[in-house]
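The values are calculated or read from the model by the stated rules, or taken from the named source; none is laboratory data. Since the model is a prediction, treat every value here as computed from it, not as a measurement. Glycine also receives a Cβ, built like all others from the backbone with ideal geometry; neighbour counts cover every protein chain displayed. Surface accessibility is based on the protein's heavy atoms, side chains included, excluding ligands, DNA and RNA. Shrake-Rupley method; radii C 1.70, N 1.55, O 1.52, S 1.80 Å.
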Amino acid sequence: MADTELLDAIRDVVGERGLLTGAADTAAYTEDWRRLYRGHTPGVIRPADTDQLARVVRLCAAARAPIVPQGGNTSMVGGATPAEDGSEFVLSLARMARIRDIDPLDLTMTVEAGVTLKAAQIAAAEADCLLPLSISSEGSAQIGGVLATNAGGNNTVRYGNARDLVLGLEVVLADGTVWNGLRRLRKDNTGYCLRQLFVGSEGTLGIIAAAVLKLAPRPHEVVVALCAVASPEAALKLFGRFQSHDPAAISAFELMSGLGTDLVLRHIEGAVLPLASPAPNYVLVELATPRPDAGLRDALESVLEASLAEGIVSDAVIAASEAQRAAIWRLREEHSEAQKREGASVKNDVSVPVSKVPEFVRRATAACEALMPGIRAVPFGHMGDGNIHFNLAQPVDADPAWFLAQDHAIMDTVNEVVRALDGSFSAEHGIGKLKPYMMPDWRGGAELATMRRIKDALDPLGIMNPAKVLP
Ligand code: 2HG
Ligand code: ZN
């Protein structure tokens, strides 16, 4: 089918509103959040429901036209950006944004792919439930993308990753067939677990159209503290204290470096440090429980008092209101934006065993400083689950393009340390366009060969998010 014929056929399915073709209209969909990739597209397709989605996928399959599924376009690895050659359609799920059902007794919600994570959290809270997944980009990130990338975020220490919250999926397969797997069962051993194949597949096997997510009871008490610590070693000791007090109460345990926090204070309007003086490192700890009168605040105070007395913590503040809680969280959640404003940055989204986080930060910092004088390590992230964002800010006054041109050397340097500590080169952001070249080295042999066979079986034409994930 000729290009204009295909565009006309797609427009017949999704209507005028459902297809954007002008460069000005498609621009926001062709560049990634980090501005590492700028692609071109013959059109951004915006179906309104699963039936339209399936019909356009069928048209694209018949024309062998490649498709890049896109949610909130918040990928950190270029996972949702089309190729430069202008051959790939962007398939935006944004209009499929209905919350189909919430059941507080089953503790489930059924949501369409284009619902933002934030909107899903709010809907769950209105039903007196908790959707226990929280990421910095939750205001823009959409459920489809969150699941397709198996997002992790701040609550993994307690509730696991996105994968652990999925009971059922509705998926449009690469030939346009709709698989309705929207089951809400806690037990269902009926052959291969197809839903988990699509979770984390980054749109390379099919397109997630809707999902049944597990909810948790809504917490009655939530307490947040910001703690000043001398080093990641001290942060690990503090984690141990909270673990031995009550591991089930920890809903987030986040590490921030002095530099990262300083960048937030410098670049983000209204950000303030609620402590008397700056520290080399900080921990944000959040405890939460659905039990009323659990006395969490007292527990938090007593762990912090003991840690202060032992010299593990040098200062700490417990949020006294919802607003203070939000202000402390803001220091953590604005880390990416602040680093973007500071200049060029190379990101390493890595994981190591929790007990190895301090050693990892020390060795990776030394290795990067040896590689490039003036480079600035900004380690932060989800210490409670071992996932550190070991980001490197460009040397002050360096040319950003020069710095970014060395991203492979920097990432390889960090990954050598990750490997020595039995970690992973991609903890939660996925592979996208940025990291397929690392796959043979890290996942080669039987693992990568099996992934290729799965890809060939489910997407024989190779039209689903080409050149992502697999090298
Ligand atoms: C976070 O934890 C995100 O805030 C982004 O995963 C991390 O910017 C980053 O590297
Ligand atoms: Zn993160």
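Worth pointing out:
- Test: residue in region 198-217 that is open to solvent by 50 Å² or more (accessible area, probe 1.4 Å), more than 16 Å from ligand 1 (Cβ to nearest atom) and not hydroxyl-bearing (Ser, Thr, Tyr): yes
- Enumeration of residues in region 416-430 that are more than 16 Å from ligand 1 (Cβ to nearest atom) and in a helix (DSSP H, G or I): Glu416, Val417, Arg419, Ala420
- Criterion (open to solvent by 40 Å² or more (accessible area, probe 1.4 Å) and more than 30 Å from Gly381 (Cβ to Cβ)) met by exactly one of Pro471, Pro460, Pro440: Pro460
- Failed criterion for Gly72 (all others in (1) buried (at least 18 other Cβ atoms within 10 Å of the Cβ); (2) touching a residue at least 40 places away in the same chain (Cβ under 8 Å); (3) within 22 Å of Val166 (Cα to Cα); (4) out of contact with any Ser or Thr (no Cβ under 7 Å at 6 or more places or on another chain) hold): (4)
- In summary, no strands (runs of 3 or more DSSP E) completely within region 72-125 bear 3 or more residues that are farther than 20 Å from Arg34 by Cα and in contact with a helix residue (DSSP H, G or I) (Cβ under 6 Å, 6 or more places away or on another chain).
- The residues of region 239-279 that are in contact with a Ser or Thr (Cβ under 7 Å, 6 or more places away or on another chain) and over 22 Å from Ala326 (Cα atoms) amount to a single one, Arg241.
- Filtering Thr156, Thr81 for residues that are touching a residue at least 60 places away in the same chain (Cβ under 8 Å), within 16 Å of ligand 1 (Cβ to nearest atom) and buried (at least 23 other Cβ atoms within 10 Å of the Cβ) leaves a single hit, Thr156.
- Condition check for Lys433: in contact with a Gly (Cβ under 9 Å, 6 or more places away or on another chain), away from ligand 2 (no atom under 16 Å from the Cβ) and part of a helix (DSSP H, G or I): no
- Hits in region 100-117 - residues which are surrounded by 18 or more Cβ atoms within 10 Å (Cβ to Cβ) and not acidic (Asp, Glu): Ile102, Leu107, Thr108, Met109, Thr110, Val111, Ala113, Gly114, Val115, Thr116, Leu117
- Within region 71-106, the residues that satisfy the criterion of being of a type outside the set (D, E, K, R) and closer than 30 Å to Pro290 by Cβ are Gly71, Gly72, Thr74, Ala97, Ile99, Ile102, Pro104, Leu105.
- For region 318-336, the criterion of being of a type in the set (Ser, Thr, Tyr), open to solvent by 60 Å² or more (accessible area, probe 1.4 Å) and either in contact with a Cys (Cβ under 6 Å, 6 or more places away or on another chain) or modelled with pLDDT of 95 or more (or both) is satisfied by no residue at all.
- Residues located in region 367-383, provided they are away from ligand 1 (no atom under 16 Å from the Cβ) and either in a helix (DSSP H, G or I) or without any contact (Cβ under 8 Å) to a residue 24 or more places away in the chain (or both): Ala367, Glu369, Ala370, Leu371, Pro373
- Qualifying residue in region 187-196 (condition: in contact with a Leu (Cβ under 9 Å, 6 or more places away or on another chain), open to solvent by less than 30 Å² (accessible area, probe 1.4 Å) and assigned to a helix (DSSP H, G or I)): no
- Hey, Ser302 in contact with a helix residue (DSSP H, G or I) (Cβ under 6 Å, 6 or more places away or on another chain), in a helix (DSSP H, G or I) and farther than 30 Å from Ala401 by Cβ or not: no
- Of all residues in region 318-344 being out of contact with any Pro (no Cβ under 8 Å at 6 or more places or on another chain) and without any contact (Cβ under 8 Å) to a residue 60 or more places away in the chain, the one that is nearest to ligand 1 (Cβ to nearest atom): Ala326
- Options Val272, Val199, Val212: the member that is among the β-branched types (Val, Ile, Thr) and over 30 Å from Gly462 (Cα atoms): Val272
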